[in-house]
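So the structure is just underneath, and the comments pick up after that.
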Ligand SMILES: [Zn+2]
């Protein structure tokens, strides 16, 4: 898992990039884009085991979904994670997804974006990185192969000869933390509260009333670092 400061996650947590996370998407079959991967090997692109929740509705009336980090180690009993433990009552909530959240620099829009991919993309990305040393400096062509809604959609990654002197360290934009910004990073107690109330305690950030930041002291006291560290070791 990527390194991040617990203090930072507590203070800013999911709210830091709330509503501002910019996702990389190709919508049509054969559509292409040019990107830099913001990492060089699979250590920079860890997978995440996540649950999906509906956290509210957008102003347009659409459900807003977020991912929440699963607390359970592979093979551990479901009681390790309050969402996993809901299997019988709430199969949707208990479902665990293996995801990649790949930070990319989109050359076409000059923006840092997050590219969400499923488990099947691990091999494609690992192969591409291993064949292209210092891959972050290469302008990579991405091509979507598959129509909207086609579950067999794949993405091709191709190195180009284009030279743009790109260096990751020269990016001025903040890169979202995957755990905390993109994937909600909740404690056991916070997730347990969600199971019982269908919302996170004190979390009104997704309603139209605006963003409410949690009190950082309160958040810290609810943390269970020992449990979290054991989860980190798993990945
Ligand atoms: Zn879980």
Surrounded by 20 or more Cβ atoms within 10 Å (Cβ to Cβ), at pLDDT below 95 and either within 16 Å of the ligand (Cβ to nearest atom) or closer than 21 Å to residue 185 by Cβ (or both): which single residue out of 13, 19, 87 fits that description?
13
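For residue 61, indicate whether it is loosely packed, with under 13 Cβ neighbours inside 10 Å, modelled with pLDDT of 95 or more and over 18 Å from the mean Cα position of the chain (by Cα). Explain how you work it out, then say what you get.
On the way: loosely packed, with under 13 Cβ neighbours inside 10 Å: yes; modelled with pLDDT of 95 or more: no; over 18 Å from the mean Cα position of the chain (by Cα): yes.
No.
Can you confirm whether residue 98 is within 16 Å of the ligand (Cβ to nearest atom), touching a helix residue (DSSP H, G or I) at 6+ places or on another chain (Cβ under 9 Å), closer than 30 Å to residue 139 by Cα and touching a residue at least 12 places away in the same chain (Cβ under 8 Å)? Spell out how you get there, then give the answer.
Details: within 16 Å of the ligand (Cβ to nearest atom): yes; touching a helix residue (DSSP H, G or I) at 6+ places or on another chain (Cβ under 9 Å): yes; closer than 30 Å to residue 139 by Cα: yes; touching a residue at least 12 places away in the same chain (Cβ under 8 Å): yes.
It is true that residue 98 is within 16 Å of the ligand (Cβ to nearest atom), touching a helix residue (DSSP H, G or I) at 6+ places or on another chain (Cβ under 9 Å), closer than 30 Å to residue 139 by Cα and touching a residue at least 12 places away in the same chain (Cβ under 8 Å).
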Conditions (1) without any contact (Cβ under 8 Å) to a residue 60 or more places away in the chain; (2) at negative phi: number failed by residue 119
(1)
Is there any pair linking a residue in the stretch 59-75 that is in contact (Cβ under 8 Å) with a residue 12 or more places away in the chain and closer than 17 Å to residue 181 by Cα to one that is more than 16 Å from the ligand (Cβ to nearest atom) and part of a loop (DSSP other than H, G, I, E, B), with Cβ under 6 Å and at least six apart or on different chains, and which?
64/58; 64/206
Does the stretch 27-41 contain any residue that is at pLDDT 95 or above, within 16 Å of the ligand (Cβ to nearest atom) and out of contact with any strand residue (DSSP E or B) (no Cβ under 6 Å at 6 or more places or on another chain)?
no
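Working only within the stretch 191-200, note down all residues that are assigned to a helix (DSSP H, G or I) and over 14 Å from residue 85 (Cβ atoms).
Residues of the stretch 191-200 that are assigned to a helix (DSSP H, G or I), as a first pass: 191-197.
Of everything in the stretch 191-200, just one residue is assigned to a helix (DSSP H, G or I) and over 14 Å from residue 85 (Cβ atoms), namely 197.
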Residue satisfying all of: in the stretch 171-196; more than 17 Å from the chain's Cα centre (by Cα) and closer than 20 Å to residue 111 by Cα; surrounded by the fewest Cβ atoms within 10 Å (Cβ to Cβ) among these
172
Check off (1) within 16 Å of the ligand (Cβ to nearest atom); (2) more than 30 Å from residue 202 (Cβ to Cβ); (3) at pLDDT 95 or above for residue 106 and give me the number that stays unchecked.
(1)
Condition check: farther than 24 Å from residue 180 by Cα, assigned to a strand (DSSP E or B) and away from the ligand (no atom under 13 Å from the Cβ). Does residue 128 satisfy that?
no
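Within the stretch 54-84, count every residue that is within 14 Å of the ligand (Cβ to nearest atom), farther than 17 Å from residue 197 by Cα and either part of a loop (DSSP other than H, G, I, E, B) or touching a strand residue (DSSP E or B) at 6+ places or on another chain (Cβ under 6 Å) (or both). Lay out the reasoning, then the answer.
First, pick out the residues of the stretch 54-84 that are within 14 Å of the ligand (Cβ to nearest atom): 67-84.
So of that shortlist, the ones also farther than 17 Å from residue 197 by Cα come out as 67, 69-80.
Add one more test, that the residue is either part of a loop (DSSP other than H, G, I, E, B) or touching a strand residue (DSSP E or B) at 6+ places or on another chain (Cβ under 6 Å) (or both), and what stays is 67, 69-77.
Number satisfying all stated conditions: 10.
The values are calculated or read from the model by the stated rules, or taken from the named source; none is laboratory data. All values reported here derive from a predicted model rather than from experimental measurement. Using ideal geometry, Cβ is built from the backbone for each residue, glycine included, and neighbour counts are taken over all protein chains shown.
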